[in-house]
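The structure appears below as structure tokens.
The values are calculated or read from the model by the stated rules, or taken from the named source; none is laboratory data. Every value quoted in this text rests on a predicted model; they were computed, and no experiment measured them. Glycine also receives a Cβ, built like all others from the backbone with ideal geometry; neighbour counts cover every protein chain displayed. Just so you know, the surface numbers come from the protein's heavy atoms only, side chains and all, with ligands and any DNA or RNA stripped out. Shrake-Rupley method; radii C 1.70, N 1.55, O 1.52, S 1.80 Å.
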Amino acid sequence: MSRIGNQPIELKEDVEFSIDGDNVITLKGEKGSDTLQIDPSINVEKKDGELIVNRTGEQKIDRSLHGLYRSLINNMMVGVSEGYKKELEIIGVGYRASLSNGVLEMQLGFSHPIYFVAPDGVDLEVDTKSRKNPMVIVSGINKELVGQVAAKIRSLRPPEPYKGKGIRYVDEWVRRKAGKSAAKA
């Protein structure tokens, strides 16, 4: 029994929902629009301002797709109405970030700057005023794409455990280690 799949999705007032004959769902909201091709074994219907996700069969694959597509549609609903945002903090002496013409330029302790161009549907911002360390803010309507871009930027210089330098999520906790000089004492 799919517990997630059985929960209805509340259709927000400012979001338009449509489904065509090829099982392509389209949601349009104030942040933009998003589409999703769903499996033929899954049915989505609109009832009383809610979206109900049903499955046609009781096979194991049908049960697993039921909860998956319900979560994907719910993520789309939140994305087109509110949007998603991930904040990355750059920590280290001489580590900098700037944004010009949609290209993120970062100095991360290498001998060269690193340039990063965001894909379509993702917006990048650099905030150097609100905190001591520069922050890169990744935002967009697609939860998967925002998370993927944030993870890619983090992978350019992941936080290291000895000094804590690198790129980390704002709420991330990095386990710190004592260096070899601590073992002598």
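Quick look at the numbers
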{"read-out": "Matching residues in region 31-66 - criterion: being part of a loop (DSSP other than H, G, I, E, B), open to solvent by 70 Å² or more (accessible area, probe 1.4 Å) and under 18 Å from Met77 (Cβ atoms)", "value": "Lys31, Asp48"}
{"read-out": "Leading residue by the ranking (surrounded by the fewest Cβ atoms within 10 Å (Cβ to Cβ)) among those in region 18-30 that are under 13 Å from Val80 (Cβ atoms) and among the polar types (S, T, N, Q)", "value": "Ser18"}
{"read-out": "Index of the failed condition, Ala150 passing every other in (1) touching a Gly at 6+ places or on another chain (Cβ under 8 Å); (2) in contact (Cβ under 8 Å) with a residue 60 or more places away in the chain", "value": "(1)"}
{"read-out": "Segments classed as strands (runs of 3 or more DSSP E), wholly inside region 72-185, with at least 2 members that are open to solvent by 60 Å² or more (accessible area, probe 1.4 Å)", "value": "84-91, 96-100, 114-117, 122-127"}
{"read-out": "Verdict on Gln7 being within 20 Å of the chain's Cα centre (by Cα), open to solvent by 70 Å² or more (accessible area, probe 1.4 Å) and closer than 17 Å to Ser71 by Cβ", "value": "no"}
{"read-out": "Filtered residue count, region 46-73, keeping only those that are more than 18 Å from the chain's Cα centre (by Cα) and closer than 15 Å to Val15 by Cα", "value": "6"}
{"read-out": "Only listed residue being over 17 Å from Val117 (Cα atoms) and either under 26 Å from the mean Cα position of the chain (by Cα) or modelled with pLDDT of 95 or more (or both), chosen from Tyr169, Tyr162", "value": "Tyr169"}
